[in-house]
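The values are calculated or read from the model by the stated rules, or taken from the named source; none is laboratory data. This structure is a prediction, so every number in the text was calculated from the model and none was measured. As a convention, Cβ positions derive from the backbone with ideal geometry for all residues, glycine included, and neighbour counts pool all protein chains shown.
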Amino acid sequence: MNGRWAYDWVQIMAHNLPLVWSVVIGSMLLMSSGLLIQKSPIQLLDAAWVLMSLFAMSGVAIKLFDSLKTAALLLIVSCFVWLSLLGTLAWFTVSLSSSSVLALVVVMTMVVGNLVHLLATLLREMARGAFQHDAIAEALKLNAMPILLSNTTTALGFLVAGFYHPQWLDMAWVVGLGAIISYMAIVTWVPLGLLNWFLEFRVGHYDDRHGFLEVVKKMQRFPVWLSSMVWLSLALLVFSLVYLSQFMTSLNAVWMMLLACLGLLWLVWKDWQVSLMAILSSLAAIVLVLTGYFSLQPVAELSAMILIVPLGIVLDDSIHYFSRYLRSKQGFFKSAEQCHRYALSTVGRPIWLTTQLLVVGLFVLAFHPHEWVAQASLVTLLATLLASYIMLLWLPAYQLKP
């Protein structure tokens, strides 16, 4: 997307606040009112677990962002998206089974991830001296397309899974509607709120400017170790794929999801190498975690959903990283080394902030009474940590010259 649209959009909202507020509040009330007319599609116990997870993440966000107002905004917008999604599901008379609560977990992580990337970019621009209204436009310019792409790939993955297995169609409905409402919140609700509610002046950290470059430089002191890690990781990945294929059912849905996401990334990015790196880095993290997790306990059969759920979540940060990588490649920088440096310095910290918050939220859900939700939450938690290590440390350290 051309960056000019973001500044124009913020100007349009700023000069038409009464009209925009009326449309936004009206749409939110319309979607949420489904809960008053139709039976709620989610059990109160499941809703309580998700809310506990959101409150836990917002509490940690106060420390990570060094901003009470930013954490409050994260919680408020997440809850509004949550209520709007439940109301919309009620309007469409979509009733959720116990296993479909996994889709709500996916939507929760999607919303939080989107908000963290937008707000982290906003705070970074404010820390560099930008006025909040200019920082909003800059944050939208840099994040609108990666967020749209990550939401689309997540929804597309569940749609493909639902095509192969009709019992998963209700999950595809939930994730698809959640992706639409989440994106609507990013481009309208959040900017509108920030036009009227000022955050603490110049909040932000020194690390906002430099990302993870210093950590990567320290890793580059051991080039032999990095080369060994490359071959060891490849060997473990092949072993893990062979091991999991013995227990995994419905593998067609998984392969088609990967191909669909790869095709979509290539269609937008026009770069097969980068698209493949984004898919493989996410897949590698999940496969390695699943192998380690299930090698420690007896297992007779694994549903493909245990792979699809974390893949839809982990792929989002990978898309943000490689979107910045390509942005630099199509701009001033040409070498892989320069592109990695740009990506690390601009989006490295937001990815790490997202990882920390999701770990907190998923840790709460790992104690969910439903075994499938708890298991998927724990696997996704571990896969998110490993994927962040691969994207933010291992891959750049191997690519950058010492």
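Some notes on this structure:
- 3 or more residues closer than 16 Å to Leu353 by Cβ and within 13 Å of the chain's Cα centre (by Cα): qualifying helices (runs of 4 or more DSSP H) within region 68-185: 101-127, 132-164
- For region 12-22, filtering for residues that are in a helix (DSSP H, G or I) and free of Cβ contacts under 8 Å to residues at least 24 places away in the same chain leaves 5.
- Looking across region 146-162, the residues that are touching a residue at least 12 places away in the same chain (Cβ under 8 Å) and not hydroxyl-bearing (Ser, Thr, Tyr) come down to Pro146, Ile147, Leu148, Leu149, Asn151, Ala155, Leu156, Gly157, Phe158, Leu159, Val160, Ala161.
- Filter result (within 30 Å of Glu125 (Cα to Cα) and crowded, with 24+ Cβ neighbours inside 10 Å) within region 147-180: Ile147, Ser150, Asn151, Thr153, Thr154, Gly178, Ala179
- Pairs where the first residue, in region 224-242, is under 16 Å from Leu283 (Cα atoms) and assigned by TED's automatic domain parsing to the domain that holds Leu393 and the second is surrounded by 14 or more Cβ atoms within 10 Å (Cβ to Cβ) and at pLDDT below 75, C-beta under 7 Å, 6+ apart: Val230/Tyr398
- Whichever residue in region 200-245 is in contact with a Ser or Thr (Cβ under 6 Å, 6 or more places away or on another chain) and outside any helix (DSSP H, G or I) and, among such residues, is modelled with the lowest pLDDT: Gly211
- Evaluation of Ile279 against (1) surrounded by 17 or more Cβ atoms within 10 Å (Cβ to Cβ); (2) at pLDDT below 75 (one fails), failing number: (2)
- Residues in region 63-79 that are surrounded by fewer than 17 Cβ atoms within 10 Å (Cβ to Cβ) and over 17 Å from Ala127 (Cβ atoms): Ala72, Ile76, Cys79.
- Criterion (within 30 Å of Asp170 (Cβ to Cβ) and modelled with pLDDT of 75 or more) met by exactly one of Gly263, Gly292: Gly263
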